[in-house]
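A short worksheet on the structure shown next.
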Amino acid sequence: MLKYTRLGSVVLTAAAFVLSVNVATAKGDPKPKKATVKKAIIETNRMAWWSKARFGMFIHWGVYSVPAGVYQDKKIPGLGEWIMHEAKIPVDTYQGYAKTFNPTKYNPAEWVKAAKAAGVKYIVITTKHHDGFALFDSKASDWNIVKQTPYGKDVIKMLADECRKQGMKLGFYYSQANDWSNPGGAAAGGHWDKKQDGSFDDYLDKVAVPQIKEILTNYGDVCELWWDVPTDMTKERAAKFAPLVKQYPNMITNNRLGGDVQGDIETPEQYIPATGIPGRFWETCMTMNDTWGYKMHDERWKSSQTLIRNLVDIASKGGNYLLNVGPKSDGTFPEPITQRLADIGTWMKVNSESVYGTTASPFRKISWGRVTTKAAGANTTLYLHVFDWPANGELLLPGLDNQILSAKLLSGSTMFKSKKVADGQVLTLTGAARDVNSTVIKLTIKGKPQVTAVIPSANADGSFVLSPADADLKNGVQSEHTPPNFGYWTSPKATVSWQIKITKPGIYTIEAPVAAVSEGNAFTIQIGDEALKATAKATGNDGRYQVNQLGQINIKKAGVNTITITPVADGWQHINMRALTFKPVN
């Protein structure tokens, strides 16, 4: 996996393309060619199962599970599967670990069974990670599990056979551009051993491309092909893989091949985009602790509640959750993983209806939890995932205009009454929360959701805070979840804006924590006909924030104002920004 990157661009999805075709035709524009429409429909159908699934399992497994984060009796910082790179382990020394990689307790039937019991709909496993070790019987490189380990079996074939038997979809991760063991493969991704010498293009031609052919040919249907870290992958190099991928029109690919190949899905890593990724299918991949591959000393496990709420949060924004497990070298899951999968499964047995096949919430922001949506004939079902049960029993549905037909617990027959209020509608709840993870209320409304945006007001003293989660985003900038910030702000055409009810016109000071690798990132803050130009201070790191005093601006009118931040194109690199705080001068 990536250690840290800022990849990403927004292009039109198949669904969005179909919408654009309809709009163009409605306006009297020339009708699209039949072949173009047919292609869009095929792509939409190809993504249909994936969009309904919402929950997948990532598996990172390989020789790195033998050292498990320790080299020469030292705990190596960083990710478990990056130990060869982080400790600069010589190729021969690292390949020696294969002699003790003997997963005699590997039971693919139990793996798939555990995934199904948790509610997982598809699995993606590492066929080859950056260390170059193949978990399958490869003719393109002898550095594989069949030829180099005492186990001597093709574990990918065993898993593929079991997935077919149990009706589980299977996808493959493959590190195409970083290989620290096969000659030439480390040219792009780090080099510290003469045995890594060689031509990167020769490596692509003789190892990577043939191995992709092997995994796509020898193991049945592949639901998803997951590229990773496109170091030095030019358009010409990415094109080497195109003929192979083209042979599998039903296979989904991600956005990490390189060479400007967008693939079908975006892949936010270790975070949940606060507003999803408009215009793209997306899949958040995330660890249960801090590492992908097994690391014996990593005990920073996320709670089962956090994992369940992550799944709900992602579904409420229209994405999929690819939750990682890192098996031990003997082929078993660490006990904390097994327990968390079981806990998720217990919740899903009751509430899976509120996850599978749902679409994003019609509400911009919900303070008490999350909402998922599903068409119900001419009406709509809203699944209200209540994380924070209201002490006063009143649950506000902000700006909801539809008639409420019914409201009941998904886990039982308890019905709740509703009433209209100035800010939307309120459900009167009875009793306490039924589930500490997420109590789900099934709400049926008449027709399609009609939600009037509720514009927030400034505080009584006139001050206000503009958070990333509340912003309108354009041209690629994204609202990241942990910590809340604007990220991927690489394009000078990307803007963020808010609407706010101003209670006290006048002069305001503005400040915001900003992280910027380099100097020269200037931007304007526009309110009405007033504009303030500011320049972010360089902090040297995307994750190192410093509070910037951005200056003062005159907000001339009370009531609803639009506030927009626009980069100055000249010299723009990128910044990450957290919430903006406005304080009246007087």
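In table form, for the structure just shown:
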item	result
The stretch 480-506, residues that are under 18 Å from the mean Cα position of the chain (by Cα) and among the small types (Gly, Ala, Ser)	GLY487
Pair list, Cβ under 7 Å, 6 or more apart: the stretch 68-94 residue in a loop (DSSP other than H, G, I, E, B) and at pLDDT 95 or above, other residue surrounded by fewer than 21 Cβ atoms within 10 Å (Cβ to Cβ) and small (Gly, Ala, Ser)	ILE76/ALA87
Odd one out for ALA177 among (1) among the small types (Gly, Ala, Ser); (2) part of a loop (DSSP other than H, G, I, E, B); (3) touching a residue at least 60 places away in the same chain (Cβ under 8 Å); (4) surrounded by fewer than 24 Cβ atoms within 10 Å (Cβ to Cβ)	(4)
Criterion: touching an Asp or Glu at 6+ places or on another chain (Cβ under 8 Å) and over 27 Å from GLU86 (Cα atoms) - qualifying residue of GLY171, GLY167	GLY171
Pairs, first outside the structural domain of SER406 (by TED's automatic domain parsing) in the stretch 438-451, second among the acidic types (Asp, Glu) and assigned to a loop (DSSP other than H, G, I, E, B), C-beta under 8 Å, six or more apart	GLN450/ASP401; VAL451/ASP401
Some residue of the stretch 247-270 being assigned to a loop (DSSP other than H, G, I, E, B) and among the β-branched types (Val, Ile, Thr)	yes
GLY293 modelled with pLDDT of 95 or more, in a loop (DSSP other than H, G, I, E, B), in contact with a Phe, Trp or Tyr (Cβ under 7 Å, 6 or more places away or on another chain) and farther than 25 Å from PHE387 by Cβ	yes
Matching residues in the stretch 222-246 - criterion: being outside any strand (DSSP E or B) and closer than 20 Å to ARG46 by Cβ	VAL222, CYS223, PHE241, ALA242, PRO243, LEU244, VAL245, LYS246
Restricting the stretch 198-221 to residues that are in a loop (DSSP other than H, G, I, E, B) and either small (Gly, Ala, Ser) or outside the structural domain of TRP50 (by TED's automatic domain parsing) (or both), the residue that is nearest to TRP180 (Cα to Cα)	GLY198
In the stretch 144-157, the residues that are crowded, with 17+ Cβ neighbours inside 10 Å and part of a helix (DSSP H, G or I)	ILE145, VAL146, GLN148, VAL155, ILE156, LYS157
Complete set of residues in the stretch 396-426 that are in contact with a Gly (Cβ under 9 Å, 6 or more places away or on another chain) and hydroxyl-bearing (Ser, Thr, Tyr)	THR414
Check on LYS235, without any contact (Cβ under 8 Å) to a residue 24 or more places away in the chain, surrounded by fewer than 17 Cβ atoms within 10 Å (Cβ to Cβ) and basic (Lys, Arg)	no
Hits in the stretch 484-502 (condition: surrounded by 22 or more Cβ atoms within 10 Å (Cβ to Cβ) and under 25 Å from ILE555 (Cβ atoms))	ASN485, PHE486, TRP489, VAL496, ILE502
Tally, over the stretch 269-301, of residues that are in contact with a Lys or Arg (Cβ under 9 Å, 6 or more places away or on another chain) and either among the acidic types (Asp, Glu) or at positive phi (or both)	2
Some residue of the stretch 444-463 being within 29 Å of MET348 (Cα to Cα), part of a strand (DSSP E or B) and either modelled with pLDDT under 95 or not aliphatic (A, V, I, L, M) (or both)	yes
First in the stretch 100-123 and surrounded by fewer than 16 Cβ atoms within 10 Å (Cβ to Cβ), second anywhere and β-branched (Val, Ile, Thr), Cβ under 7 Å, 6 or more apart	THR100/VAL66; LYS105/THR332
GLU224 vs. criteria of a type in the set (D, E, K, R), closer than 27 Å to VAL155 by Cβ, in contact (Cβ under 8 Å) with a residue 12 or more places away in the chain and assigned by TED's automatic domain parsing to the domain that holds ARG46	yes
Residue in the stretch 503-518 that is surrounded by the fewest Cβ atoms within 10 Å (Cβ to Cβ), counting only those that are more than 15 Å from ILE555 (Cβ to Cβ) and touching a strand residue (DSSP E or B) at 6+ places or on another chain (Cβ under 8 Å)	GLU511
Any hit, the stretch 345-362, residues being modelled with pLDDT of 95 or more, part of a loop (DSSP other than H, G, I, E, B), closer than 23 Å to ARG300 by Cβ and β-branched (Val, Ile, Thr)	no
Residue in the stretch 95-143 that is farthest from VAL325 (Cα to Cα), counting only those that are among the hydroxyl-bearing types (Ser, Thr, Tyr) and part of a loop (DSSP other than H, G, I, E, B)	SER141
Residue that is over 16 Å from ARG578 (Cβ atoms), out of contact with any Cys (no Cβ under 7 Å at 6 or more places or on another chain), small (Gly, Ala, Ser) and not in a loop (DSSP other than H, G, I, E, B), where the choices are SER497, SER518, SER479	SER497
Among the residues listed as SER418, SER329, SER406, the single one being in the same structural domain as ALA48 (by TED's automatic domain parsing), outside any helix (DSSP H, G or I) and modelled with pLDDT of 95 or more	SER329
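The values are calculated or read from the model by the stated rules, or taken from the named source; none is laboratory data. Keep in mind that this is a model prediction, so the values were computed, not measured. In this analysis, Cβ positions are derived from the backbone assuming ideal geometry, glycine residues included, and neighbour counts consider all displayed protein chains.
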